[in-house]
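Student: Dropping the structure in here first, questions after.
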Amino acid sequence: MTVISIKIAGAFASALMLTACGGGGGGGSDTAITPGSPFALVVAGVSAERGTNLYYVQLEEEFEAAIDDTDLPYQVPTTLPTAGSANYLGMMELTALLPDRQADLRGEMSLDVAFADDTISGSVYDMVIEEDDGITSVVTPASGTLAIANGTIDRTVDISTDYAFEADVFGTISADGDSAEVDATMFGNFFEDQTYVRGDVFGTVTNVDGTLPLDDGDFFGAQN
């Protein structure tokens, strides 16, 4: 084993003082997948064990194929329901781009949307960290949960220039007794009669040595 030293340029793994080791990450979630739901149809194309790094990589590929976001096919927020609610199951990926490698934090996302009052909440859990320098890739499980809170839908927004909803993403991730704080915001849109959600995530991760930007993060979800 090789201990990755704590440096600001070390992204998630260094921020958490992770011990580098192989493997696919933590076990699967307890969140039940509803048979026949849009998410069940998406995840049917995934062969990897739920909760592993490969599972999230394959799941993102399946979502990319399922959601057509070309030519601005986003659902106009004024067409969203004004009553009821929906649960979306999917994944979130937070990325730190470094001079010599890329660090990705991936986890399962559960998102609850209340259309009656245009609020959004949820969480990200069963997380793993992958560091890739273009030659080798190291995957390490990360414990903790990221909360999704204070989310709101803007039904008046122009989706050609802005997102239909946003929410705060925050929490503590840890490994080997060390921890770091994630502070981010997710911005997203609805697709295909609110069957899917998709968007981007931006923010920071902070430990005792300082703060790193999180770039190029994204998320995907389908009704469960």
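Laboratory data are not the source of any read-out in this text; all were calculated from the coordinates shown. Because the structure is a prediction, the values reported are computed rather than measured.
Student: Where the centroid of each part is defined by its Cα atoms, how far is the stretch 31-86 from the stretch 206-222 in Å?
Tutor: The two parts, judged by their Cα centres, are 21 Å apart.
Student: Now for a separate question. Give me the Kirkwood hydrodynamic radius of the stretch 119-224, using the inverse of the mean 1/r over all pairs of distinct Cα atoms, in Å to one decimal.
Tutor: Averaging 1/r across every pair of different Cα atoms and inverting gives 15.3 Å.
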